[in-house]
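Take a look at the structure set out below.
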């Protein structure tokens with residue numbers, strides 16, 4: 001804490017990101033997390049889905065998420081049966097409520113799908129949906 005009792009700001013350099021558990025073929029690197037910055041109510045990461053691949057179908061028990069598509073093209077599967085498929089691309093924002101089934105899919109053959117992911121909990125609780133969503137891209 002500083003002299004005035006405030007916590008200091010924390011800057012995480014791009015070469016010091018926290019490697020998080022992969023979800024299917026998607027990898028996620030956190031820049032703001034409980035471990036890196038001591039955050040207690042927010043988490044911010046960059047997720048990358050390789051060409052032709054996807055994350056596992058899943059939902060988050062304890063948090064809502066906001067996703068920004070930085071680059072690439074894909075589909076965002078959602079709905080109770082993951083039966084809603086919406087095209088996503090650069091500049092799109094996605095809101096994912098708690099307990100909402102979802103699965104990002106990269107439909108490109110040669111470009112990564114890059115997503116900025118923010119959530120309102122420092123650590124997420126994820127439930128994978130075995131056998132649900134796209135299986136051919138994990």
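Here the spin labels are modelled as points 7 Å beyond Cα on the Cα-Cβ line, and at residue 61 and residue 84 they lie 2.4 nm apart.
For 71, 55, 23, what's the fewest-to-most ordering of other Cβ within 10 Å of each Cβ?
Fewest-to-most ranking of 71, 55, 23: 71, 23, 55.
Each residue, residue 129 and residue 73, gets one label point 7 Å from its Cα in the Cβ direction; the gap between the two is 2.5 nm. Where the alpha-carbon atoms of segment 1-78 are placed on the principal axes, they occupy 51, 29, 20 Å, in descending order. The alpha carbon convex hull volume per residue for segment 15-128 rounds to 90 Å³. Applying 1/(1 + (r/R0)^6) with r as the Cβ-Cβ distance of residue 12 and residue 93 and R0 = 25 angstrom yields a FRET efficiency of 0.65. Fewest neighbouring Cβ atoms within 10 Å first, the residues 137, 54 line up as 137, 54. Here the relative contact order of the chain, from alpha carbon pairs under 8 Å that lie six or more residues apart, stands at 30 percent. Short-range pairs are left out: with C-alpha atoms under 8 Å and at least six residues apart, the relative contact order of segment 45-104 is 43 percent. In deg cm²/dmol, rounded to 500, what helix-only [θ] at 222 nm does the chain give when every DSSP H run of at least 4 residues adds -39500 (n - 2.57) and the total is split over its residues? Theoretical 222 nm ellipticity from helices: -500 deg cm²/dmol.
Taken together, the values in this text are just the output of simple stated rules run on the coordinates, not laboratory data. Small disclaimer: the values here were computed from a predicted structure and weren't measured. Every residue, glycine as well, gets a Cβ built from its backbone with ideal geometry; the counts of neighbours run over all protein chains shown.
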